[in-house]
Each structure stands twice: as structure tokens, then as C-alpha cells.
Amino acid sequence: MTLFEKIIARQIPADIVHEDEHCIAFRDISPQAPVHLLVVPKKPIPRIGEAMIEDQELLGHLMLAVGEIAKNESLAESGFRVVMNHGSHGGETVPHLHIHILGGRPLEWPPG
Ligand code: AMP
């Protein structure tokens, strides 16, 4: 069971801001911006590069959830960043696909 599956199963506590049939969103335990959320599919796809054609609808659902959650967090007007880390160079640390939403301050580009 991945760490995020344990959060979904309420075996590990998290500050959950959104949940629906297909995904959950909660505050990152080590926030890198004033608002730092993770949007996680309930299906434990390891990482984006391993998503399959049958995940197409789910991936679309996650992207629409990102927009809705960002709006609920009052980020839509000021702006926000969406990040997915794949593998070691990407900075992935949890092998369960997740989308970072970062906002609440201006973010630099390019990332480090
Ligand atoms: P990544 O490095 O892209 O795999 O992102 C994993 C994220 O999960 C990191 O930003 C961590 O801070 C975050 N994280 C790890 N454990 C927890 C937890 N128990 N609750 C919330 N976020 C967590």
C-alpha cells in the first residue's frame, strides 16, 4: 500500500480539502508555497509515464479537479502552478501519481 493509499484509507491523517469518487486532495506536509496541495487518484498509478490508455478519463478528471480545487483555494485569479514529478530527476519521492498545486506567492521559472 502506498503512503497516499493509506491517506485515502484514513490510516494516516491528512488535511483533506477535496474528495470525490476518483480522487482526493490534501495539503502537502512540507509546503513549498503558502498553498501547496496534492491531488491524488484513488487508483494507484505509480507515475504519469506509466499511465495507460484506460486512464485517459481519470487523467482528465484529475485536471478538472485541479481547476476546481485551485478556485476553491482562491488561487484562480492570482495564479498557481501544477507540477508532476516523474522519477529521480523529476524529484519524485512517492510512487503514487500526484499533482502538486502550488500558489499563494509568485513562483520562479525555471524551477531549480
Ligand atoms: P513528490 O516528491 O513529487 O513525489 O511529492 C511527494 C510529496 O508528498 C512531497 O511534496 C511531500 O512533502 C509530500 N508528503 C509526504 N508525506 C506526506 C504526508 N503524510 N502528508 C502529506 N504530504 C506528504
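The values are calculated or read from the model by the stated rules, or taken from the named source; none is laboratory data. Keep in mind the model is a prediction, meaning the values are calculated, not measured. A quick note on method: Cβ atoms are made from the backbone with ideal geometry, for glycine too, and the neighbour counts reach across all protein chains shown. The protein model used for the area step is the full one, side chains on, heavy atoms only, and it has no ligands, DNA or RNA in it. Shrake-Rupley method; radii C 1.70, N 1.55, O 1.52, S 1.80 Å.
Consider Ile12 carefully, then state whether it is among the aliphatic types (A, V, I, L, M), within 16 Å of the ligand (Cβ to nearest atom) and open to solvent by 40 Å² or more (accessible area, probe 1.4 Å).
On the way: among the aliphatic types (A, V, I, L, M): yes; within 16 Å of the ligand (Cβ to nearest atom): yes; open to solvent by 40 Å² or more (accessible area, probe 1.4 Å): yes.
Spelling it out, Ile12 is indeed among the aliphatic types (A, V, I, L, M), within 16 Å of the ligand (Cβ to nearest atom) and open to solvent by 40 Å² or more (accessible area, probe 1.4 Å).
Within the range 77-86, how many residues are more than 16 Å from the ligand (Cβ to nearest atom) and either in contact with a strand residue (DSSP E or B) (Cβ under 9 Å, 6 or more places away or on another chain) or within 15 Å of His98 (Cβ to Cβ) (or both)? Can you show your working first?
Looking only at the range 77-86, we keep the residues that are more than 16 Å from the ligand (Cβ to nearest atom), and these are 77-79.
This time we only want the ones that are either in contact with a strand residue (DSSP E or B) (Cβ under 9 Å, 6 or more places away or on another chain) or within 15 Å of His98 (Cβ to Cβ) (or both), so: 78-79.
Of the residues in the range 77-86, 2 are more than 16 Å from the ligand (Cβ to nearest atom) and either in contact with a strand residue (DSSP E or B) (Cβ under 9 Å, 6 or more places away or on another chain) or within 15 Å of His98 (Cβ to Cβ) (or both).
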Query - Of residues in the range 30-49 being free of Cβ contacts under 8 Å to residues at least 24 places away in the same chain and farther than 20 Å from Asn72 by Cβ, the one farthest from the ligand (Cβ to nearest atom) - result: Lys43
